[in-house]
Amino acid sequence: MRYPKIPLAQSLIEIFRQKEIEHIVISPGSRNAPLTIGFASNPAFTCYSIADERAAGFFALGIAQQLQKPVAVVCTSGSALLNYYPAVAEAFYSQIPLIVVSADRPLSKIDIGDGQTIRQQNVFENHSLYNANLLEEASEENDRKIVEALAVSAQKKGPIHLNVPFEEPLYETVPELSVKPVITAVQPTEIPNYSASDYVNFWNSSKKKLILVGTNYPDQIDLESIQKLAHDPSVAVMTETTSNLHHQKFISKIDVLITSFSEEDFKELQPDLLITFGGMVISKRIKAFLRKYNPQQHWHIDTLRAYDTFGCLTHHIKDNPNDFFRKILSETKEVESTYSLFVQQTKKERTGKSLLFSKTAPYSDFLVFEKIVKSLPDNVHLQISNSSAIRYLQLFDLKPSVEVFCNRGTSGIDGSTSTAIGASVISEKPVILITGDIGFLYDSNALWNNYIPDNFKIILINNSGGGIFRILPGHQKNEIFSTFFETQHTLTAEHLAKMFGFNYFQAQNELETEIGLERFLNCNSKCILEVKTPTGLNDQVLKEFFKSL
């Protein structure tokens with residue numbers, strides 16, 4: 001095994017090894033050569049070479065998303081670093097530990113008119129939890145910063161940035177370490193103590209308790225707590241597709257439930273107590289409802305952060321949601337209420353109307369998503385792109401064994417495919433990405449990747465443009481709208497699939513979609529099913545669906 005000759009590179013790599021940072025995503029370059037040589041030569045690390053830094057950032061994010069442990073991305077100096085920013089912002093808002101390591105010129109070389117000498121220090125300051133601009137010479141101060149940065153990323157669940165200056169020569173190696181870094185202990189973050197009894201009185205006095213669950217990892221809440229919440233007459237639980245939380249009494253299709261509510265219905269649904277946990281909420285309708293019909297109290301449960309999404313946050317409970325419910329449900333009592341009954345009756349009515357509409361729905365995005373959901377096998381790992389794809393999926397019930405992930409931190413279309421591929425490298429389950437055409441084409445470099453497993457598959461819904469803009473208020477039928485909002489096109493994924501070694505299936509009607517899904521799901525290697533849908537009809541069908549409710 002060979003080590004880089006530069007002591008600073010040796011120190012960083014050795015600290016990473018001792019802190020068990022195992023996965024390193026490297027984008028080829030010259031200035032980062034000492035790090036590349038050190039990481040790739042050391043069997044303690046699993047290294048990946050991803051040339052496009054934007055794709056590399058999201059690829060690493062997908063790995064970290066699944067491991068829930070820090071994963072590093074390493075790049076050369078210059079604009080390469082800036083391409084990590086979308087993934088850094090997503091990691092920041094999704095609370096995913098991402099370590100950015102950028103090689104840099106020495107400080108004396110910055111802004112002298114030389115190549116790749118941009119100002120890299122603190123470039124992610126607005127969206128990172130820790131920024132360390134290391135000194136060129138190895139030192140205890142550098143070691144301390146590296147250790148602190150890694151601890152912050154792991155404990156506070158977010159991105160950190162290490163900017164590392166190197167002077168040439170860059171490629172020289174030695175057979176053994178010449179430095180022994182000083183690795184100081186970092187105290188773990190402690191969850192503040194609180195008493196569940198502080199919350200029991202208001203819980204017991206509230207006859208209408210609404211629990212809203214955003215983005216959440218699978219298997220986070222005990223079955224006992226789920227059962228108690230589901231059968232409490234004063235509790236209604238609303239779960240988003242990304243919540244990975246299931247019970248037959250939970251409301252998993254929020255928009256289907258509340259879209260056609262009258263003023264009287266909204267007042268009936270208005271909670272005394274709103275409890276939220278998990279990440280960002282997708283449903284615009286539930287956000288609009290809670291902003292207008294505020295609860296008396298809003299508790300958000302999270303060990304780190306609490307966003308005032310609805311303008312009524314009263315308590316940030318710094319605890320793990322499972323521990324909180326375990327504590328409080330052991331002390332609370334059941335109160336007489338018709339709140340759950342009202343929600344369950346409405347759910348039954350809306351479900352019936354939804355099924356009736358589906359039987360006569362024409363071929364469209366809506367019908368395609370329904371068929372996809374029905375065809376998904378048990379125990380698959382589902383990655384969803386943003387924009388239309390995740391919103392359509394919110395309208396249907398998924399099997400409880402299907403795990404769902406989506407980059408909802410920033411809700412951007414960039415990086416969904418790269419994230420899904422990163423996740424597929426780690427996941428032991430078959431991974432299916434459901435994506436729209438614009439998001440897929442935008443991140444097509446994600447397929448330029450030598451690590452895609454055979455059990456990774458893509459369902460591409462191609463409606464020839466940004467179909468979501470036809471659904472949003474402000475849609476106009478003119479050239480400006482079709483060119484600059486929808487970005488209409490006639491492209492397909494066929495040649496990309498061939499170039500990157502994917503099997504390719506295409507469907508353009510209902511029968512072809514059914515046949516295509518069967519072939520796609522039975523395919524034993526990586527593949528893409530592209531489903532073409534009618535651009536001019538999709539928004540009309542969706543509007544008719546909500547009208548039918």
Candidate set from the range 338-357 (those that are among the β-branched types (Val, Ile, Thr) and assigned to a helix (DSSP H, G or I)); member that is surrounded by the most Cβ atoms within 10 Å (Cβ to Cβ): VAL343
Tally, over the range 190-201, of residues that are touching a residue at least 60 places away in the same chain (Cβ under 8 Å) and assigned to a loop (DSSP other than H, G, I, E, B): 4
Tally, over the range 359-391, of residues that are open to solvent by less than 20 Å² (accessible area, probe 1.4 Å) and farther than 23 Å from ARG519 by Cα: 3
Conditions (1) at pLDDT below 95; (2) open to solvent by less than 60 Å² (accessible area, probe 1.4 Å); (3) not hydroxyl-bearing (Ser, Thr, Tyr); number of the one not met by GLU334: (2)
Pair list, Cβ < 6 Å and 6+ apart or interchain, from the range 106-119 residues that are closer than 19 Å to LEU134 by Cβ to residues that are at pLDDT below 85 and exposed (fewer than 12 other Cβ atoms within 10 Å of the Cβ): none
Breaking point among (1) touching a strand residue (DSSP E or B) at 6+ places or on another chain (Cβ under 9 Å); (2) outside any helix (DSSP H, G or I), for ILE515: (2)
Residue within the range 260-267 that is under 26 Å from ALA196 (Cα atoms) and assigned to a loop (DSSP other than H, G, I, E, B) present: no
The range 500-512, subset within 26 Å of ALA420 (Cβ to Cβ) and not in a strand (DSSP E or B), residue most open to solvent (accessible area, probe 1.4 Å): GLN508
Subset tally (residues that are charged (D, E, K, R) and over 20 Å from LEU460 (Cβ atoms)) for the range 423-439: 2
Residue list for the range 134-144, filter: crowded, with 19+ Cβ neighbours inside 10 Å and part of a helix (DSSP H, G or I): ASN142, ASP143
Test result for ILE211, closer than 23 Å to LEU313 by Cα and assigned to a loop (DSSP other than H, G, I, E, B): no
Flag for LYS429 being basic (Lys, Arg), over 18 Å from THR215 (Cβ atoms) and in contact (Cβ under 8 Å) with a residue 40 or more places away in the chain: yes
Odd one out for TYR93 among (1) farther than 29 Å from THR417 by Cα; (2) touching a residue at least 12 places away in the same chain (Cβ under 8 Å): (1)
Verdict on LYS228 being within 22 Å of the chain's Cα centre (by Cα), over 16 Å from THR346 (Cα atoms), part of a helix (DSSP H, G or I) and not hydroxyl-bearing (Ser, Thr, Tyr): no
Qualifying residue in the range 148-169 (condition: among the basic types (Lys, Arg) and more than 23 Å from LEU61 (Cβ to Cβ)): no
Selection from the range 38-81 of residues that are within 18 Å of the chain's Cα centre (by Cα) and on the phi > 0 side of the Ramachandran plot: GLN68
The range 39-62 residues that are closer than 19 Å to ILE13 by Cα and at pLDDT 95 or above, paired with ones that are assigned to a loop (DSSP other than H, G, I, E, B) and open to solvent by less than 40 Å² (accessible area, probe 1.4 Å) (beta carbon under 8 Å, 6 or more apart): PHE39/PHE45; PHE45/ILE21; SER49/SER27
Residues of the range 285-310 classified as over 30 Å from PRO188 (Cα atoms) and either modelled with pLDDT under 95 or of a type in the set (Phe, Trp, Tyr) (or both), total: 3
Criterion violated by GLN345 - all others in (1) touching a helix residue (DSSP H, G or I) at 6+ places or on another chain (Cβ under 9 Å); (2) farther than 24 Å from ALA56 by Cα; (3) free of Cβ contacts under 8 Å to residues at least 60 places away in the same chain satisfied: (1)
Members of the range 518-549 that are farther than 30 Å from PHE261 by Cβ and either part of a helix (DSSP H, G or I) or acidic (Asp, Glu) (or both): GLU518, ARG519, PHE520, LEU521, ASN522, GLU530, THR535
Tabulated pairs, the range 159-176, first in contact (Cβ under 8 Å) with a residue 40 or more places away in the chain and of a type in the set (D, E, K, R), second part of a loop (DSSP other than H, G, I, E, B) and open to solvent by 10 Å² or more (accessible area, probe 1.4 Å), C-beta under 6 angstrom, 6+ apart or interchain: GLU172/LYS5
Any helices (runs of 4 or more DSSP H) falling wholly within the range 425-499 and containing at least 2 residues that are farther than 22 Å from GLN394 by Cβ, modelled with pLDDT under 95 and among the aromatic types (Phe, Trp, Tyr): 479-484
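The values are calculated or read from the model by the stated rules, or taken from the named source; none is laboratory data. Keep in mind that this is a model prediction, so the values were computed, not measured. Note that we place each Cβ from the backbone using ideal geometry, even for glycine, and neighbour counts take in every protein chain shown. Accessible surface areas use protein heavy atoms only, side chains included; no ligands, DNA or RNA. Shrake-Rupley method; radii C 1.70, N 1.55, O 1.52, S 1.80 Å.
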